[in-house]
Amino acid sequence: MTLRLLDSATREQRVFTPLRAGAVSMYVCGATVQGLPHIGHVRSGLNYDVLRRWLTHAGYDVTLVRNVTDIDDKILRKSEAAGRPWWEWAATHERAFTAAYDALGCLPPSVEPHATGHITQMVELIDRLIQGGHAYATPKGDVYFAVRTQPDYGTLSGQKVDDVHQGEGDAGDKRDPLDFTLWKAAKPGEPSWPTPWGHGRPGWHLECSAMATAYLGPEFDIHGGGLDLVFPHHENERAQSHAAGDPFARFWLHNAWVTMGGEKMSKSLGNVLSIENLLTRVRPAELRYYLVGPHYRSAIEYSDAALDEAVAAYRRIESFVHRVRERHGLPDPDLAVPAAFAAAMDDDLGTPLALGEVHKLVREGNTALDTGDAPAASAAASAIRATTGVLGLDPLATGGVAEQSGDSARQALGTLVETMLERRQAARAEKDFATADRLRDELLAAGIAVEDGAGGSTWTLKDA
């Protein structure tokens, strides 16, 4: 395996070599649990789930840390507006995120730390920064990071220091408008924790630095998140960690947005498509296919037509694999994936080309089925199970996202259709073509397309 990843910090594709042989450490910025998840939120989780699966397929022992931000300005504002306790508001929406990740087949993280559970580590990090001259406390109890003390500030996002705007509103007692908040002094009615600088709560950027190093150490392999986190969140994470003397992440990866009308999907724009609503329209495996099919660094412009195309594409894969199983038995997944698929995945997780190889296998397999070449059809199905397994899309994975979303129904349908095809074949053998045509018409009316070939009759769902 020679995996190459586009590192946001260097803006170059670099060969990935882990810090420790045989093991990979990953930190992914998870949910700020302020509201219900939409497809823009879960895309990030799915993209890094694919990366994790590919690394695991290559034999690495992967440790994935995905945090939960359960204390934040937005959580406090929204819970107050709803008249609900902030902790209950956060817990309710955390469950919704977990349900969405599970429904779409994300493997659970190795650990899922919460910001409120790591105040001690945050206070220790602040103390290191103050002692090193990189942070300062104000008389009111706020603590700020002194940006100009860190020489490499701005290199992740490609900004000049003097052009930076932190977006924190009122400068308060900052010594320099460039500085950003590490700790917020307590306000009446807000949750707070005791520190040497007074009661308060953590700043957003501080949380991830503390949690990443708590579980992965001062240096780790990959830090991932959405493109919108490059600045200020990841820039500030990197700065405070480097200032504390930690090498921190060796690779920075960023996935692109899901957009509607060219704008980033967000609650403020009112163009949210919730996971719950979409899963009333399409199955989990189909929605996962739609979100992992494009390259992780390419924006997805949502449309109903694009989603429908993804559904049809996934069903073509699924239909072929089920046909092989129904005719020749369960095809086991190969231990290895085809070289062209591996090359696409090693090229910065090139899922579009990788899926192109999957569909090539489907076409070859369907030809083998039509000509009665059972070994070739089974071999294609096994290769497809291996490749789709890497993407979390194996139609026959026990307990997998595809099986959860209707495998038992597909088996029942297959049994009924095969019974009708046997009756039709018997009618044709007896030259009762009227009955044979009637059975074919009944199947067609039910959405089942029948094709007659040298190896017998095959069927597919018309929209698959």
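The values are calculated or read from the model by the stated rules, or taken from the named source; none is laboratory data. Note that the coordinates shown come from a computational prediction; the quantities given were computed from them, not determined experimentally. Cβ placement follows ideal geometry from the backbone for every residue including glycine, while neighbour counts extend to all protein chains displayed.
Side notes on the structure shown:
- Looking across the stretch 1-30, the residues that are basic (K, R) and at negative phi come down to R4, R14, R20.
- Residues that are among the acidic types (D, E) and touching a residue at least 12 places away in the same chain (Cβ under 8 Å) do occur in the stretch 269-290.
- One residue alone among A344, A340, A336, A305 is in a helix (DSSP H, G or I), over 21 Å from the mean Cα position of the chain (by Cα), closer than 30 Å to L19 by Cα and not assigned by TED's automatic domain parsing to the domain that holds C29, and that residue is A340.
- Test for A310: is it under 30 Å from N255 (Cα atoms), part of a helix (DSSP H, G or I), out of contact with any Ser or Thr (no Cβ under 6 Å at 6 or more places or on another chain) and of a type in the set (A, V, I, L, M): yes
- For the stretch 44-69, a residue qualifies if it is surrounded by 22 or more Cβ atoms within 10 Å (Cβ to Cβ) and more than 28 Å from A339 (Cβ to Cβ), and the qualifying residues are S44, G45, V65, R66, N67, V68, T69.
- Strands (runs of 3 or more DSSP E) enclosed by the stretch 1-78 - at least 2 residues per element that are of a type in the set (D, E, K, R) and more than 12 Å from D221 (Cα to Cα): 12-15, 61-66
- Tabulated pairs, the stretch 95-111, first within 20 Å of T63 (Cβ to Cβ), second among the hydrophobic types (A, V, I, L, M, F, W, C) and part of a loop (DSSP other than H, G, I, E, B), C-beta under 8 angstrom, 6+ apart or interchain: G105/L393
- Where a residue in the stretch 297-317 is surrounded by 14 or more Cβ atoms within 10 Å (Cβ to Cβ) and its partner, wherever it lies, is in a helix (DSSP H, G or I), with Cβ under 6 Å and at least six apart: L307/Y290; A310/Y289; A310/Y290; V311/E286; Y314/E286; Y314/Y289; R316/V362; I317/V362
- The set of residues in the stretch 189-227 being in a loop (DSSP other than H, G, I, E, B) and of a type in the set (F, W, Y) consists of W197 alone.
- Wholly enclosed helices (runs of 4 or more DSSP H) of the stretch 379-456 bearing at least 1 residues at pLDDT below 65 and out of contact with any Leu (no Cβ under 9 Å at 6 or more places or on another chain): 401-404, 407-429
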